[in-house]
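To start, the structure itself, in structure tokens.
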Amino acid sequence: MKVGIIIVNYNAGPALCRAVQSSIACGRVGSVQVVDNASGDGSIAAMQAVCGSSEKLKIVVNTENRGFSVACNQALAALSEPFLLYLNPDCVLTAPALEALLEALLADSAAAMAGPVLRYPDGRVQAGGRRATPTPWRSFVRASGLYRLSRVFPRLLPDIVLSQESVGESVSEVDAISGACMLVRREAIQSVGALDEAYFLHCEDLDWCMRFRLAGWKILFVPQASVTHEKGVCSVSRPVFVAWHKHHGMVRFYRKFYAARHAWPLRAFVTLGVWAHFVVKLPLAVFRLGQK
């Protein structure tokens, strides 16, 4: 059973080469499809110099940045494997991690996708590997800072900060996993459709997880699989751009899945809250930009 790897690159620097090398080295991998969104840092040429001789490697270079979802869908259309691993260019894959993810999906025919424990290079567990669906209530709790109470009163808000819980030892069903590394069953994609291209960057993974679950598919978190994720390599040079798209994507997510369930005052309140959060975060993004 072969797996196709999908990697979207935008100025990932040396990290891209590490991601591609680690993917090629996995025996389960049949193809590694890299789609470059008009990078200007020479990362594609540097990666080709090291990995270009591999028969597994396929590269598409876009003339403009078409967005993450569009690029992923380009790669999906070019591959034929029954399982696809969507991998960020700042991740390092291992054969054991891929095997654990694949075993989880093969063991449960109702599972659409599986995600690993994401770790920083120093081994710390990242918070985004497993997530609860960002409902309006959960988003209010986060934006208002009330989520901090869960550290003192964990039973008060039990599903707000999953990162405070142990990753466990067994495969578990979750609301959502991170788009940084997710193994997806092609059959499931055919049933709900590919990534929503209206999301330029961020929130497309939450959208996909929601659509899978609404269609009756399961989302699995696999603690036996561990993947190193440098996090933010592609966004460090454009923090304001990334922050804007992250918040814009969240507004789209709420409108798409919750608009019909709630009265307009609540919808307006949530939208206002999302953009208020962006305004609060904007000075930090501008500061980071000034540090470059």
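No value in this document is a laboratory result; all are computed from the given coordinates. Just so we're clear, the structure is a prediction, and the values are computed from it rather than from any experiment. Positions of Cβ are backbone-derived with ideal geometry, glycine not excepted, and every protein chain shown enters the neighbour counts.
So if we plug the beta-carbon distance of residue 268 and residue 127 into 1/(1 + (r/R0)^6) with R0 = 30 Å, what FRET efficiency do we get, rounded to 0.05?
0.55
What does the helix-only formula give at 222 nm for the chain: each DSSP H stretch with n ≥ 4 adding -39500 (n - 2.57), the total divided by the residues, and the result rounded to the nearest 500 deg cm²/dmol? Don't skip to the answer; put the middle values down first.
On the way: 10 runs with 122 residues, N = 292.
After summing the helix terms and dividing by residue count, I get -13000 deg cm²/dmol.
Say each of residue 198 and residue 95 gets a label point 7 Å from the Cα, pointing the same way as Cα to Cβ; how far apart are those two points in nm?
For the pair residue 198/residue 95, the computed spacing is 4.4 nm.
Kindly put 3, 167 in sequence by how many other C-beta atoms sit within 10 Å of each C-beta, fewest to most.
Working: 3 23, 167 17.
The most exposed by this proxy come first: 167, 3.
For the stretch 186-201, in order, what is each residue's ³J(HN,Hα) by Karplus, 6.51 cos²θ - 1.76 cosθ + 1.60 with θ = phi - 60°, in whole Hz (x at glycine and Pro)?
After applying 6.51 cos²θ - 1.76 cosθ + 1.60, I find 4, 4, 5, 4, 5, 7, 10, x, 6, 4, 6, 6, 6, 8, 6, 7 Hz.
Is there a quick way to get the dipole size of the chain? I mean about its Cα centre, with the Cβ of Lys and Arg at +1 and of Asp and Glu at -1; what is the value in debye to the nearest 20?
Numbers: 31 positive and 22 negative charges, 196 e Å.
My answer is approximately 940 debye.
Need one number: % antiparallel among DSSP beta bridges in the chain, to the nearest 5. It would help to have the intermediate numbers written out before the result.
Numbers: 14 of 39 bridges.
For the chain, the DSSP antiparallel bridge percentage is about 35.
Test of understanding: what is the full-extension gain from residue 281 to residue 46, defined as 0.36 nm times their sequence separation minus their Cα-Cα distance?
Working: separation 235, 0.36 × 235 = 84.60 nm, distance 3.41 nm.
Once the chain is fully extended between residue 281 and residue 46, it gains 81.2 nm.
What angle, in degrees between 0 and 90 and rounded to the nearest 10, separates the Cα long axis of helix 14-24 from the longest principal axis of the Cα atoms of the chain?
The angle comes out near 70 degrees.
Which residues' amide hydrogens lie under 5 Å from the amide hydrogen of residue 172, considering only partners 5 or more residues apart or on another chain, with H built in the peptide plane?
221
Calculate how steeply helix 264-290 sits against the longest principal axis of the alpha-carbon atoms of the chain, using the helix alpha-carbon long axis, and give the answer as 0 to 90 degrees to the nearest 10.
For 264-290 against the chain, the angle is about 60 degrees.
Compute the FRET efficiency between residue 172 and residue 215 as 1/(1 + (r/R0)^6), taking r as their Cβ-Cβ distance and R0 = 25 Å, and round to the nearest 0.05. Present the calculation step by step, with values, prior to reporting the outcome.
On the way: r = 20 Å, r/R0 = 0.79.
In this case the efficiency is close to 0.80.
Which ³J(HN,Hα) values, rounded to whole Hz and listed in residue order, are derived for the stretch 90-106 from phi using the Karplus coefficients 6.51, -1.76 and 1.60 in 6.51 cos²θ - 1.76 cosθ + 1.60 with θ = phi - 60°, glycine and proline given as x?
Each residue of the stretch 90-106 in turn: 9, 10, 10, 8, 10, 4, x, 5, 5, 4, 5, 5, 5, 4, 5, 6, 5 Hz.
5 Å is the cut-off here: which amide hydrogens, built 1.01 Å from N in the peptide plane, fall below it relative to residue 36, excluding neighbours closer than 5 in sequence?
Counting only residues 5 or more places away or on other chains, the set is 9, 60, 61, 62.
If you line up the long axis of helix 68-78 against the longest principal axis of the chain, both from Cα atoms, how many degrees apart are they, to the nearest 10?
Approximately 40 degrees, to the nearest 10.
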